[in-house]
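Single-structure report; data block below.
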Amino acid sequence: MRKLKTLWLFFVCSGISFTALSQETNPVNGVADYRTHSYAFTNASIVKDAQTTLQNATLIIKEGKIVAVGNQINIPADAIVIDCKGKTIYPSFIDINSDYGIPTPERQPRTAFSFFGPSQLTSNTKGAYGWNQAIKPEVNAADLFVVDEAKAKSLRDIGFGAVLTSQKDGIARGTGALVSLSNNKENLDIIKEKAAATYSFSKGSSTQSYPSSVMGVIALLRQTFLDAQWYKNLPPGQNGQPGEGTNLSLEAWNNNLALPQIFEANDKWGDLRADRIGDEFGIQFIIKAGGNEYERMADMIATKANFILPLNFPQAMDVEDPNDARFVSLADLKNWEMAPTNLAAFEKAKINFCITSSDLRDSKEFWTNLRKAMDYGLSETKALEALTKAPATLLNVYNQIGSIEAGKIANFFITDGNVFSDKTRILQNWVQGEKYDVKENGFMNTSGIYSLVINEPVGAKTYTLEIKSNNTATLTGKDTLNAKFRTDGKLVSLSFSSLEKMHRKNVSPTDSSQAAKDDKGRVAMQGANRGRGASDGPATRLSGINNGNLMQGTGEDMAGNQVTWVATFVKAIDVGTDSVKKKNAPAIGKLTYPNEAYGFEEMPKPETILIKNATVWTNEKEGIVANTDVLVKDGKIAAIGKNLSAQGARVIDGTGKNLTPGIVDEHSHIATSSINEGGQSVTSEVRIGDNLNPDDINIYRQLSGGVTTSHILHGSANTIGGQTQLIKLRWGADDNDLKFKGADPFIKFALGENVKRTTSIINNRFPNTRMGVEQVQVDAFTRARDYEKALKGPNGKFVRRDLELDALVEIMNHKRFITCHSYKASEILETMKVAEQFGFTLNTFTHVLEGYKVADKLKAHGANASTFSDWWAYKMEVQDAIPTNATIMHNVGLNVAINSDDAEMARRLNQEAAKSVKYGGMSEIEAFKMVTINPAKMLHVDNRIGSIKVGKDADLVLWSDNPLSIYAKAEKTIVDGTIYYDMERDMQMRQQIKKERNRIIQKMLDEKKSGASVMGAMPSFKVMNVCEEHVHNHGLLVLDTEDNDGQ
Amino acid sequence: MRKYLIIFLTITAAHTVVGQDNISPAKLYTGLTFIKNGTVHVGNGEVLQNTSIEIRNGKIEKIGQDLPIPSGEVRVYDATGKQVYPGLILANTNIGLREIANQVKGSDDYNELGDLNPNVQSIVAYNADSKIINTLRSNGILFANVVPQGSLIAGSSSVVQFDAWNWEDAVYKEDNGIHFYMPSLLARPRRFRFGGASNSDPLKEGLEKIETVKSFFAQAKAYNAATVKPTTTNLKFEAVKGLFNKTERLFIHCDIVKEMLIAIDFAKQFDMDVTIVGGSECWQMADLLRQNNISVILQEQHSLPTSDDDDVDQPYKTPAALQNAGVLFALTDENGETTGRNLMFNAGTAAAYGLTKEQALQAITLNAAKILGIADKSGSIEVGKDANIIVSEGDILDMRTSIVTKAFIQGRDIDLNDKHKELFEKYKARYGLK
């Protein structure tokens, strides 16, 4: 009681109006020692925010808050005054992508679906939570937060005062807390308990098998949004309905939606994926970027999102050894060169962004890299805003933090100059009104010119001491002096000897005054690295203290006599203006689409093209017509005939060449970030189209083999796989523009060994046999039928929207079509039977290597067949595969295609088609149709592509020879009237690639020479997504999905 | 003469309706064979128009234009308008050791445990009844070098001919070389380092392993050079004796330049005949390979370029780089989905990208024979060599025309039927197709 009274009196007497008593629940062991931490910082340059700087201003803080800031401020009596002359005060930075103080569960490698290991089909999380271990909206960072002083210091030292911290684990990561970086009790650090909800594409520590792919993550997010809506809208009393009960995860999910939503997407394509998920559910994510967004700024602008940008620019590699450098791709070289432009690119695009330090290997790189970003065009204003106001505004806390204004939290740091200058140091970082030294006592700037008097037994000697920094000084006197100076701002040490000792060996210590004549008497010694006074001969050693304008202390002279000394401040050193030198942005190479080998500096455009006098394989009733012209206009085939002419057309001489429709690959796995969602046996909710990867070089390589359209299928890991995506090989386009617009939607099914996981030592995922596969199908469609009925029923609005079943309902309603991976006759018949039972047709059986055994049944069912030419013997179920399978099925009357399922073979699909001429005696026209019009038919796009007919898409290939010949090369590949592959241009590009590689490699060598730390040359490995059929490898730098650890 | 021709045709026809297990090696035949008037691709680069070949006792006795049909017991095969080639040779394969891929473990006999297995012989496990063999024969591939796989030294390979009742029958050249699989010297980012400790350095580990192999050879060389036979026999040392007297060669499986430089080092240090198998990056050092007398068995032209930055057709034109530098090289086809049956099309691709057709053919016939140590009796159509000959309707390198209608192994007229053709016939019959 007495204590409280005393405190109260203290406040009253202090003369500042306080409305509340400072209280806390924590008992004090001893006598209370409450302090207001009232300070006045005077004579400072105060950068209130990125736009406003006050000169000679005063800042008053008290009890952790800013009380006043301005030029005409009365200094309260209780304030400790700190003179900030020559100092600049900035609002402390805010990082909203941190996991400071939050334990992160270890990421589990290789927990993605594997063909070999057992599955974990349910969540390991105990409690009334949702079904998926990676969806953790119920996690609150504030619950987990523990001060981590070491980490806090490292962040404070680079200027941060507060961070949004969250547990970076899982797909939905729960809420993040805004905390200060003080060393106080956690209770006092939390500025906002739930400041944002955070998400990512990474499963993190989840060991559950689903989702095992990027598209699975997206599907799971999408479904969870729907589930949460459904859960919320259940009528009262339905909460405990059979099935769901109380779901704390969904509850938390719904509650979190009111918060700012941050998505850690970490890559340009990931950013777009995240943004699109948000768009579907009316949420604008704040996107944590990856650093390669500069490649696709138009797409970034279109997201309308706010971004969080990292500074972890790629490190230069040691490319000295050409055999090591060989495996570093131009894409990686270019990214090294161009990544520092990322922030400037956002500024130029007028996109609002924050800056995070979270991805840096070492927080010390923060300033190096930020300054680098500024060298590449990021403005000071924008940088400061991105570190202060922008993050605070995004979290709706700008009224509390993010600038130096009265009423805000006293988070600011003090520098000895413009913080963006590379000479400037942060001296102190004040967090919630408490001081944290960055440079220990760095604030005590001793620099200046002093008059030093040493009282030696022989009398006083006077010197001029010019202190440049806390460890650099010049000493000038009668003697020639070799000085070593060091201070921590308070304690001082100084030693010096005669410089002459270094030149004249025989001069005795007492002769030092003579030696002085030979020298100008000025020597600057740079701190510890050179000032080895002792080795240069006897030294005078002084030790003392800095009392502000005066230093004084004791010491010993060269002869060992005890001395005292005094150094008096005379005047300040004239330090040049401390502004950031505007360097010219370093020269960099050109951005290409994609930004890698064979990318276009400018996207090719549709042209009017007249191909003259070619042998034209029409795939129409005209068959192969010789000496024919084809006119392409506006992306379409405009005319076919003899002696055509067209104004302004690019004329291509087709004499001696063959012109065909572009090749259509019915079964491909290129241009994606993931291909198999094997976490469950039914994954009809996942969509290949959600995770296209336009950077895949195989798009270009396949154009060089005449491919223009590819059906990108889900893998064969499960009975009901994911939704497929038809693409056109528009090399350089973004992910959306790759899509074949307006095509019917398809889905991949699979049967047999892969779906029963034959290669797994211990399979625990149903099914384990073809018997089980049939039941998975029957069960799925039964559920879908019941679901559809319920949706249409009286309580339809309460039915949970199920994306998995939606896709199956579409199939039953003939709105979505199946491509079914299959081998054995038995499973083919079984699947057709199930389809007939549910009233739909299996559109396509792919692989279908025993199709020849049941060709009549396939025909009766109405299925198409898409097969390999000559694959066999790579697993048990293909022991009866024969190279005449296509021929038999064709002769029985099926529509048959030859597909690749392989990024290399896709470049030679024309040759694969020709194998039916060899093995089955098929006519050349019919054989070539198997890679053009036939797959177009089975994909329901034969009205658009697959033949040369007026009005169809101008997807054409000009071949050097009969297209079925192994000697034929595609000379030009045209998609939508645009020449995407041109053999001549390709030859030029090869030269450019070599030149560009060499240019950047030389630059990297220079970087190494300049002393920058470099990492070993890292081969640019790629993960190739395969359907799991492959026994051959795809080259030294390609790892198949099984080698990858998920994401 | 006509009588014999008729007999022979009847036998062939009979085979088309029986099961694959009844496709038998050719019957003993003591008469002459006469391949009349074909376009003969010798295998050494030469092409002989309208040329006939006379075969006696399994050997080529005469080659020439306007050769008369010999008298006596003779089978005559009219090759007018057809292309005649040496039997193709698959220079590196596990055929006969691996029937069904994808972990049908019971069908696998190609990968033994252990790092130093020079004493392991592929030939003793070779299954002459593999169903795959006939599908290769019918494409004109008549010989294979059957190679064991493994880590480091995997064992010895042997050349087999594809007309045999059992492996003893099949041996064409036993133990022609020892196979060393060089550990990868490619650095790997941590996220792709599996199977080792997370802090492992694949490069360092690779170099260490290579040292153990060198050390093994150094000791083996000393062991074999000793004039007095050691009291304790070392089977591993004995197994590599042929490397030091050059009756066998060291096949080093490797791909990147640094690995190939080490392969050269092996050749220099131990004075061995070395062949690089794989060699996808060899185009960068073709002249060095020639200067050091290193031959190459290049695998799978039908593969993707190593780097995104590479010429998109780099693998296709790598053979031309070797040819231009004068390196002795063969092409092979190890594609696991097609089990080597596209050997000639890999050569065709090489021909489309810089080789002449005859050079491409040589890479799968005479060059392969030279590297495998059978050039004295196979690999080309030359007098005195075994009559290992195939006849194709057209250019064998191009799928449009590559249809093999006749094949002889050591003069034996072999059955070109296979499981696939039988199933084709069976189901054509089912659907009433022609």
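The values are calculated or read from the model by the stated rules, or taken from the named source; none is laboratory data. The shown structure was predicted, so the numbers you read here are calculated from the model rather than taken from an experiment. Positions of Cβ are backbone-derived with ideal geometry, glycine not excepted, and every protein chain shown enters the neighbour counts.
Of note:
- If you go through segment A:846-868 and keep only what is among the small types (Gly, Ala, Ser) and more than 8 Å from chain B (Cβ to nearest Cβ), you end up with A:Gly851, A:Ala860, A:Gly862, A:Ala863, A:Ala865, A:Ser866.
- The set of residues in segment A:822-840 being in a loop (DSSP other than H, G, I, E, B) and hydrophobic (A, V, I, L, M, F, W, C) consists of A:Phe838, A:Phe840.
- Positions within segment A:701-731 being surrounded by fewer than 24 Cβ atoms within 10 Å (Cβ to Cβ) and not basic (Lys, Arg), in sequence order: A:Ser704
- Matching residues in segment A:978-991 - criterion: being crowded, with 18+ Cβ neighbours inside 10 Å and either in contact with a Lys or Arg (Cβ under 7 Å, 6 or more places away or on another chain) or among the polar types (S, T, N, Q) (or both): A:Thr978, A:Ile979, A:Tyr980, A:Tyr981, A:Asp982
Conditions tested, residue by residue: (1) within 14 Å of chain B (Cβ to nearest Cβ); (2) under 21 Å from A:Ala936 (Cβ atoms); (3) touching a residue at least 40 places away in the same chain (Cβ under 8 Å); (4) among the small types (Gly, Ala, Ser).
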| site | (1), (2), (3), (4) |
| --- | --- |
| A:Gly796 | no, no, no, yes |
| A:Ala807 | no, no, yes, yes |
| A:Ser826 | no, no, yes, yes |
| A:Gln837 | no, no, yes, no |
| A:Asp870 | yes, no, yes, no |
| A:Met876 | yes, no, yes, no |
| A:Gln879 | yes, no, no, no |
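- Boolean, B:Leu261 is surrounded by fewer than 19 Cβ atoms within 10 Å (Cβ to Cβ), in contact with a Leu (Cβ under 7 Å, 6 or more places away or on another chain), within 13 Å of chain A (Cβ to nearest Cβ) and closer than 21 Å to A:Leu1037 by Cα: no
- Selection from segment B:216-249 of residues that are polar (S, T, N, Q), under 30 Å from the mean Cα position of the chain (by Cα) and part of a helix (DSSP H, G or I): B:Asn224
- Residues located in segment A:923-932, provided they are under 20 Å from A:Thr724 (Cβ atoms) and over 40 Å from the mean Cα position of the chain (by Cα): A:Met930
- Strands (runs of 3 or more DSSP E) contained entirely in segment A:555-662, each with at least 1 residues that are modelled with pLDDT of 95 or more and among the charged types (D, E, K, R): A:609-617, A:624-633, A:636-641, A:650-653
- No other residue among B:Leu298, B:Leu304 is in contact with a helix residue (DSSP H, G or I) (Cβ under 9 Å, 6 or more places away or on another chain), more than 10 Å from chain A (Cβ to nearest Cβ) and among the aliphatic types (A, V, I, L, M) apart from B:Leu298.
- Hits in segment A:953-975 (condition: outside any strand (DSSP E or B) and either within 14 Å of chain B (Cβ to nearest Cβ) or surrounded by fewer than 20 Cβ atoms within 10 Å (Cβ to Cβ) (or both)): A:Ser960, A:Asp961, A:Asn962, A:Pro963, A:Leu964, A:Ser965, A:Ile966, A:Tyr967, A:Ala968, A:Lys969
- Index of the failed condition, B:Leu423 passing every other in (1) in a helix (DSSP H, G or I); (2) more than 14 Å from chain A (Cβ to nearest Cβ): (2)
- A single entry from A:Ile888, A:Ile925 fulfils the requirement of being more than 10 Å from every other protein chain (Cβ to nearest Cβ) and either part of a helix (DSSP H, G or I) or modelled with pLDDT under 95 (or both): A:Ile925.
- Single condition A:Gln879 does not satisfy, out of (1) at pLDDT below 95; (2) within 42 Å of the chain's Cα centre (by Cα): (2)
- Segment A:334-428 holds helices (runs of 4 or more DSSP H) entirely within its bounds, and those carrying 3 or more residues that are within 30 Å of B:Asp308 (Cβ to Cβ) and in the same structural domain as A:Ala289 (by TED's automatic domain parsing) map to A:342-348, A:365-375.
- Residues that are under 28 Å from B:Leu298 (Cα atoms) and loosely packed, with under 12 Cβ neighbours inside 10 Å were ranked within segment B:213-258; the one that is farthest from the other protein chains (Cβ to nearest Cβ) is B:Asn245.
- For segment A:696-708, the criterion of being among the charged types (D, E, K, R), within 25 Å of A:Pro661 (Cα to Cα) and within 22 Å of the chain's Cα centre (by Cα) is met by at least one residue.
- Members of segment B:108-119 that are touching a residue at least 40 places away in the same chain (Cβ under 8 Å) and part of a loop (DSSP other than H, G, I, E, B): B:Glu112, B:Asp115, B:Asn117, B:Pro118, B:Asn119
- Members of segment A:674-704 found to be closer than 19 Å to A:Ser900 by Cα and either aromatic (Phe, Trp, Tyr) or modelled with pLDDT under 95 (or both), listed by number: A:Ser674, A:Ile675, A:Asn676, A:Tyr700
- Residue in segment B:378-393 that is within 14 Å of another protein chain (Cβ to nearest Cβ) and outside any helix (DSSP H, G or I) present: yes
- Whichever residue in segment A:898-922 is in a loop (DSSP other than H, G, I, E, B) and more than 39 Å from the chain's Cα centre (by Cα) and, among such residues, is surrounded by the fewest Cβ atoms within 10 Å (Cβ to Cβ): A:Gly921
- Scan of segment B:133-160 for residues that are closer than 15 Å to B:Leu416 by Cβ and touching a residue at least 40 places away in the same chain (Cβ under 8 Å), ordered by number: B:Asn134, B:Thr135, B:Leu136, B:Arg137, B:Ser138, B:Asn139, B:Gly140, B:Ile141, B:Leu142
- Unmet requirement for A:Arg361, which otherwise passes all of (1) crowded, with 18+ Cβ neighbours inside 10 Å; (2) closer than 27 Å to A:Arg273 by Cα; (3) within 14 Å of chain B (Cβ to nearest Cβ): (1)
- Yes/no for A:Glu666 being under 28 Å from B:Ala352 (Cβ atoms), in contact with a Pro (Cβ under 7 Å, 6 or more places away or on another chain) and not hydrophobic (A, V, I, L, M, F, W, C): yes
- Among residues of segment A:663-678 being in contact with a helix residue (DSSP H, G or I) (Cβ under 6 Å, 6 or more places away or on another chain) and not polar (S, T, N, Q), the one that is nearest to A:Ile974 (Cα to Cα) is A:Ile663.
- Identity of the residue in segment A:891-915, facing chain B (nearest Cβ under 9 Å) and out of contact with any Leu (no Cβ under 9 Å at 6 or more places or on another chain), that ends up nearest to A:Thr867 (Cα to Cα): A:Glu912
- Checked against (1) touching a Leu at 6+ places or on another chain (Cβ under 7 Å); (2) within 14 Å of another protein chain (Cβ to nearest Cβ), A:Ser704 meets all criteria but (1).
- The one condition from (1) under 17 Å from A:Asn97 (Cβ atoms); (2) touching a Gly at 6+ places or on another chain (Cβ under 7 Å) that A:Glu138 does not meet is (1).
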